[in-house]
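The values are calculated or read from the model by the stated rules, or taken from the named source; none is laboratory data. Note that the coordinates shown come from a computational prediction; the quantities given were computed from them, not determined experimentally. Cβ atoms come from the backbone with ideal geometry, glycine included; neighbour counts cover every protein chain shown.
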Amino acid sequence: MTTEAMSHSSNTPEQPRLSMRRICKRFGATQALQDVSLEAYAGQVVALIGENGAGKSTLMKVLSGAHAPDSGTMLLRDQPYHPRGPHDARRAGVAIVYQELNLAPELSVEDNIMLGVEERRLGFVARRKQRQRVLQALELLEHPELTPDRIVGSLSIGAQQLVEIARALVSQAEVVVFDEPTSSLPAHDVERLFTIIRRMQGQGIAIIYISHFLEEIREVANRYVVLRDGRPAGAGLLTDTSDEAIVTLMVGRTVDTLFPEVPHDLEERVLEVQQLSGTPLPRQVSFELHRGEIFGLFGLVGAGRTETLRQLFGLDQPSSGCITIDERRTAATPAARIRAGLGFVSEDRKGEGLAQSMSITDNLTLSNLRSYTRGGLLQLKKRRQATLHWMERLNVKARDPEQTISHLSGGNQQKVAIARVLHQQADIFLLDEPTRGIDVGTKAEIYRLIGELAAAGRSIVFVSSYLPELMAVCDTIGVMSRGRLLDARPVLNWTEPEILKVAISS
Amino acid sequence: MASVDTTQKNSRDRLWQALQSLEPLFALLMVTLGFALADQVWGQGRFSELRNFRVVLVQAAPVAVAALGMTLIIISGGIDLSAGTASMLCATVLAAMLSSDYSITAAVTCALLTGAVCGLVNGLLIGLLRIPPFIVTLGTMTIFLGVAKRVAGGSTVFVDRQRMPQWLNDLSSTMPPDWQGWLPRIASGVWLAAAIALLVAVILRYSVFGRHLFAIGSNESTARLCGINILTTKVLVYVLGGLLIGIAGLYSFSLVKMANPVEGIGRELKFIAAVVIGGGSLNGGRGSVLGTLAGAAIMGVIASGCAQLEIQNSTQDIMIGVIIIAAVTLDQFRTRRQENA
């Protein structure tokens, strides 16, 4: 309802270049998209906004042909559009610049740009003709590093992203999607990207811009569409809508219920980090953590927060500095740090956090298997009992402890990852983006759990890029920028604008 | 109501899972029945004789033992291309020592140690230098071959029959003596293989080391995160695998009473095939004792069946190849269906 009403008022005379109407997509028990509509007009930027897990990526996968929608219609230039895969979409004029770059690092800039759309003559690559098209595209991008023969792997991340954009340009794309394009870019590259987007707009390309950074969206986009839990939450013109209104649409509930408060007290020091440095990150990070403390670590992507946690846990070796746990120093290996009472939840659940082909039981007990051995053999029944206990405690929804973990939803997987750290009886929890990519309900459960842990005398380092959750949950917030921990204060002495200011300073 | 439904669904799921783990055995049964039938129609009915099954078992046992070692390695996400030449190196050491008047105990000990050392070399190179197992073992494959040739002095080592202790002979005897009493008259080597299989199964299911193998093969980063010592575990699995591969070397020596290093070339592919037919995944994290045993037996049955039916050796090779591809295709098909469910 709101979607349609708003788009009518959005003052666009012509027909949309692309229109997705009432798209539905279901995966097993999860309704990933429900009646979602999106329109993109030539020469305009529409922002697709929503929290992680709101359905933005799924919608774009439907657009690119990676998933077929269960129902709904898609029109491109008023023609029915049913891509059978990314290549099909690209030929139809829809290009997507992904957050994780999809480049062949060993090939040259030209080869990457023309991959799959090579100029051919009798089966051979028509180099000269191809070179012209590549140079044309690169001209629009205007980047000193970008020459056709340069090997892509040797380029900076920002320049690599431009190669992806050049791909879209050479294939004459009429609709270009940017999927969180700034998340791994340094500030000056972000500015350059916005300039390029404006130029593409000038060429009449319809642009879909996905992000959850409101400032960015205001700078670059004309209209917005908000998704929440796979459903349309609102849409309209950015000039007509306040930031608060958009955030309310994104979260869809009052902040009180999202962040349950659990009273807890700070006691003696349990962890001291002095001048911790690594190559290249972090740089001379120092802080203290106390029993019962929730220490938030904020910063933009690339600020060095994850690196700090990994070195604390012994996964990476620091180049200098000193880590003292309970006034003792230990070997810098995960095994030694686990024995010292540390527990780590990785930000990369699929790649590192969980062994996707193993069962819930195996994943949950893996860091503390020895507690089930008798005479060198595992007591499987006891292990199953313990798994059931923790699944119940954290409200993990699964059929059976022996179920393969990859069959669970993201939120339930994350609960198992956290349960593993509880199971190994850690005293200090290092949580790296623990609420990323999980639904709002599970987020609230995890916030409560973190509070309860602190109340039980555990300590938590909570890394997040989502400031509201840190402000609501933490006792102390430290802000990192370019590898340094610039400032750490009790949460009451911070305001959100102050934190952001520190985070983007250098 | 809902809870009743889920319990029913649970027990059905578990029954389904149990059936799936028996799938390789089912395939073995089909292949055996197929040959038995074909033999009744076109052959001379010798395939189904008890004596023939003794032969099949004796021939499958060495492949099975080495393939069990390979199973451990593949579950941990590794591969051992040197297994064939390593196992022949062990046989050569044994033969060379027996023919130069060493005691049987010393010779067997040295042969098994050789297997373990081969594994240790592989494990250390893989763990310390972080070179992919495929490359490391591709290199050690020819290294072990070269070493074996030196030990053999350039040609096949023959051993005088009188020097062969009876028990080593019996290991692969198709007509074992009756001393085994209450045990069926099957070669002692087959019983040893069964015992090893049981041991490996217990290691995989009930030991911390076993679970760590699955974890490393499934996701090495996760294993590291959980405090598992990757280096030790990897070295240990290659040593253990090497030991089993060494035992397989004893079997092959006892079968032919001589050792020719060149015979080992390509044998590793048979071991790997047994694991893969049995449902092991070369991506790591998957594999089972029952599957590997069935895989080794299927290849044995095909070899024997083709011999009885006087089918050409070439046909036999083609059949095994088809079975490998069919097994993996079926497996992937099933995995995909599970993921979509």
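General remarks:
- Condition check for B:G227: in a loop (DSSP other than H, G, I, E, B), within 11 Å of chain A (Cβ to nearest Cβ) and more than 30 Å from B:V108 (Cβ to Cβ): yes
- Listing of helices (runs of 4 or more DSSP H) fully contained in the stretch A:190-277 that carry 2 or more residues being surrounded by 17 or more Cβ atoms within 10 Å (Cβ to Cβ) and under 25 Å from the mean Cα position of the chain (by Cα): A:214-220, A:243-251
- Residues satisfying the stated conditions in the stretch B:38-72, i.e. in a loop (DSSP other than H, G, I, E, B) and either touching a residue at least 60 places away in the same chain (Cβ under 8 Å) or among the basic types (K, R) (or both): B:G43, B:Q44, B:R46, B:F47
- Residue match in the stretch A:292-309 (condition: within 28 Å of the chain's Cα centre (by Cα) and within 14 Å of chain B (Cβ to nearest Cβ)): yes
- The residue list A:A472, A:A444, A:A488 contains one member that is closer than 20 Å to A:R291 by Cα, of a type outside the set (F, W, Y) and in a helix (DSSP H, G or I), which is A:A472.
- Odd one out for A:R90 among (1) over 23 Å from A:S154 (Cβ atoms); (2) without any contact (Cβ under 8 Å) to a residue 60 or more places away in the chain: (2)
Residues checked against (1) modelled with pLDDT of 95 or more; (2) under 25 Å from the mean Cα position of the chain (by Cα); (3) closer than 16 Å to A:I418 by Cβ:
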| site | (1), (2), (3) |
| --- | --- |
| A:C322 | no, no, no |
| A:A331 | no, no, no |
| A:F344 | yes, yes, yes |
| A:E347 | no, yes, yes |
| A:E352 | no, yes, yes |
| A:S357 | no, yes, no |
| A:N363 | yes, yes, yes |
| A:S371 | no, no, no |
| A:G375 | no, no, no |
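- For the stretch B:328-341, the tally of residues that are more than 14 Å from chain A (Cβ to nearest Cβ) and either farther than 22 Å from B:V301 by Cα or at pLDDT 85 or above (or both) stands at 3.
- Only helices (runs of 4 or more DSSP H) whose full extent lies in the stretch B:239-341 are considered here, and the ones with at least 3 residues that are over 30 Å from B:R46 (Cα atoms) and more than 20 Å from the chain's Cα centre (by Cα) are B:313-340.
- Verdict on A:A355 being crowded, with 23+ Cβ neighbours inside 10 Å and closer than 26 Å to A:K397 by Cβ: yes
- If you check A:E100, A:E119 for being exposed (fewer than 15 other Cβ atoms within 10 Å of the Cβ), at pLDDT below 90, farther than 21 Å from A:E39 by Cβ and charged (D, E, K, R), only one passes: A:E100.
- Enumeration of residues in the stretch A:138-189 that are assigned to a helix (DSSP H, G or I), among the polar types (S, T, N, Q) and farther than 13 Å from A:Q99 by Cα: A:S154
- Residue within the stretch B:282-302 that is without any contact (Cβ under 8 Å) to a residue 24 or more places away in the chain and within 14 Å of chain A (Cβ to nearest Cβ) present: no
To keep it simple, each residue is scored yes or no on (1) facing another protein chain (nearest Cβ under 10 Å); (2) free of Cβ contacts under 8 Å to residues at least 40 places away in the same chain; (3) of a type in the set (S, T, Y).
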site	(1), (2), (3)
A:I325	no, no, no
A:A335	yes, yes, no
A:F344	yes, no, no
A:T365	yes, no, yes
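- Qualifying residue in the stretch A:447-461 (condition: in contact with a Ser or Thr (Cβ under 7 Å, 6 or more places away or on another chain) and not in a helix (DSSP H, G or I)): no
- Some residue of the stretch B:75-82 being within 19 Å of B:A195 (Cβ to Cβ) and under 13 Å from the mean Cα position of the chain (by Cα): no
- Neighbours by Cβ (under 7 Å, 6+ apart or cross-chain): first from the stretch A:231-253, under 20 Å from A:E219 (Cα atoms); second outside any helix (DSSP H, G or I) and of a type in the set (V, I, T): A:G234/A:V226; A:A235/A:V225; A:A235/A:V226; A:I246/A:I49; A:I246/A:V226; A:L249/A:V226; A:M250/A:I49; A:M250/A:V226
- Residue within the stretch B:130-148 that is assigned to a loop (DSSP other than H, G, I, E, B) and out of contact with any helix residue (DSSP H, G or I) (no Cβ under 7 Å at 6 or more places or on another chain) present: yes
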